[in-house]
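Contents: one structure, followed by commentary.
Read the figures in this text as sums done on the coordinates, not as results from a lab. Predicted, not measured: the structure shown is a model, and the values here were computed from it. No Cβ is skipped: glycine too gets one built from the backbone with ideal geometry, and neighbour counts run over all protein chains shown.
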Amino acid sequence: MRHGVRLAVDPGNARIGVAASDPGGMIASPVETIPRGRGDLQRIALLVLEREAREVVVGYPASLSGQEGPAARSAREFANALAALLHPVPVRLVDERLTTVTAQSQLLSGASFAKKGARGGRARRSVIDQAAATVLLQSALDQERSTGHPPGEIVHSSQGEE
């Protein structure tokens, strides 16, 4: 198991949920929700620096058919831009199917993120975005622990290195 903080980002059309792991790479926790648009990549880069992250995981909405739909293309474009900005910090695309559904289910059941106190509207969506990033990251950490290999697909920066 690799050690070091991992950051996960779950890019949506309006917001980007962010989560981070502990330095041992065992537990994922919510960090913040970033509004999508101008300055979003720079905010993520700052979080990578502040947390000394060794890697960034980007949620990839894979389709059941295996074809890359519009949401998956958008996530890939986002990951490519992020990889170019963060180089040499690796960026990985990791399957995120069901992360938002799982996060919403946890919120509704009160099993997770209850202390955030967001019950409706914009605040609730922000918490759901963070929860989805946390579910994504925890899944990636668990997968790496069980297989011994980093999850997902490495995104090569324009510099051509990992």
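Applying a 10 Å radius around every beta-carbon, put 51-58, 65-72, 39-46, 133-140 in order of their mean neighbour count, most first. Each step should come with its number before you reach the end.
Numbers: 51-58: 21.1, 65-72: 11.2, 39-46: 15.0, 133-140: 26.9.
So the order, starting with the most tightly packed, is 133-140, 51-58, 39-46, 65-72.
Taking 0.36 nm per residue of separation and subtracting the Cα-Cα distance, what length does fully extending GLN42 through HIS3 add? Spell out each step's value before the answer.
On the way: separation 39, 0.36 × 39 = 14.04 nm, distance 2.46 nm.
Once the chain is fully extended between GLN42 and HIS3, it gains 11.6 nm.
Which order do peptides 143-156, 15-28 fall in by mean Cβ count within 10 Å, highest first? Let's see the in-between values first.
On the way: 143-156: 14.4, 15-28: 20.4.
Result, highest mean Cβ count within 10 Å first: 15-28, 143-156.
Considering only the other residues whose Cβ falls under 13 Å of the Cβ of TYR60, what net charge follows from Lys and Arg at +1 and Asp and Glu at -1?
Working: positive: ARG73, ARG76, ARG92, ARG97; negative: ASP10, GLU68, GLU77, ASP95, GLU96, GLU153.
That sum, taken over residues with Cβ under 13 Å, equals -2.
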Non-local residues with an amide H under 5 Å from the amide H of ALA20, with H modelled 1.01 Å from N and Pro and chain starts lacking one, are ALA8, SER29, VAL31
Stretchable slack from GLU68 to GLN143, in nm (0.36 nm times residue separation minus alpha-carbon distance): 24.7 nm
